[in-house]
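Inspection log for the structure reproduced underneath, given as structure tokens.
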Amino acid sequence: MTDRSDGPIGRLPEHLIVEIFIRLPVREWVEIACVNKQWGSIFQGDCLWQTAITRNWPSADLRKRWPGPIPRGSTRRRFQALYVSENLVPSGGEIDELVGHTYLYLKEQLERPDMPPSSIIHGTIIDQFIACGKTGEKAHDLASKIWLAVIDGLEENQQTFLLLKHLTREGEFFLPFPYSRSYKVLWRVFDKLFTDFRDCFSGADYHDALSTAKSRFQLVPSTWLGH
């Protein structure tokens, strides 16, 4: 794109440029950051992200840091977590920064080439919520919502197809509540695999996956059948 650093906006003080940017839709920020080096550097620094947090969630900085393995991270990551909590993970209208950080943590873990067993990832999430004072029931409910939101947000590509196949093939070890994953999460994994990625299966792989599904669920929907 054309360098606009010498235009009217480029001559404004940086704090005014930040005030303009944070009033634009978040979905446009990536494109704006690519306009020129000056604007890109603004998105690399903390000022824009901290200003955006203060404007959108003024009480966020009053919350104490929490114990556990999932940190708050940089100002930019905190903005992402708050945005996720407000827009991607339903929580009854309450903005919970930890929920957003947990979503980002789960998404990153699932994208790792050396992804640990998903039961360990899930256990870490449950431990994090319990360390922050959530009951086992609430921790289980939040973890389930986060898993579903991450699964629903996965792109339809080969990497996602391989991830979903891997999740269906993992052994389900007996774990006590709340460390057991919900039925809804397991169902969503299979449902996304059979509906969004049916054409990616080879014949043998499809029948193996369907056999696994039938062993996990009493009934499978007709939409999962046929290859």
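Does the stretch 75-85 include one or more residues that are more than 21 Å from Ala33 (Cβ to Cβ) and assigned to a helix (DSSP H, G or I)? Yes, there is a match, as at least one residue in the stretch 75-85 is more than 21 Å from Ala33 (Cβ to Cβ) and assigned to a helix (DSSP H, G or I). Report yes if some residue within the stretch 148-171 is under 23 Å from His101 (Cβ atoms), at pLDDT 95 or above, surrounded by fewer than 19 Cβ atoms within 10 Å (Cβ to Cβ) and touching a Lys or Arg at 6+ places or on another chain (Cβ under 7 Å); otherwise report no. Among the residues of the stretch 148-171, at least one is under 23 Å from His101 (Cβ atoms), at pLDDT 95 or above, surrounded by fewer than 19 Cβ atoms within 10 Å (Cβ to Cβ) and touching a Lys or Arg at 6+ places or on another chain (Cβ under 7 Å), which makes the answer yes.
Restricting Ile95, Ile120, Ile130 to residues that are in a loop (DSSP other than H, G, I, E, B), open to solvent by 10 Å² or more (accessible area, probe 1.4 Å) and among the β-branched types (Val, Ile, Thr) narrows the list to Ile95.
Just one of the listed residues (Gln44, Gln38) is farther than 28 Å from Phe129 by Cα, polar (S, T, N, Q) and under 23 Å from the mean Cα position of the chain (by Cα), namely Gln44.
For the stretch 196-209, the criterion of a residue being modelled with pLDDT of 95 or more, basic (Lys, Arg) and not in a loop (DSSP other than H, G, I, E, B) is satisfied by no position. Restricting to the stretch 63-88, what's the tally of residues that are open to solvent by less than 30 Å² (accessible area, probe 1.4 Å) and of a type outside the set (Lys, Arg)? Qualifying residue count, the stretch 63-88: 7.
The values are calculated or read from the model by the stated rules, or taken from the named source; none is laboratory data. It should be emphasised that the depicted structure is a prediction, and the values quoted were computed from it without experimental measurement. Neighbour counts run over all protein chains shown; Cβ positions are idealised from the backbone, glycine included. In case anyone asks, the SASA skips ligands and DNA or RNA and just uses the protein heavy atoms, side chains included. Shrake-Rupley method; radii C 1.70, N 1.55, O 1.52, S 1.80 Å.
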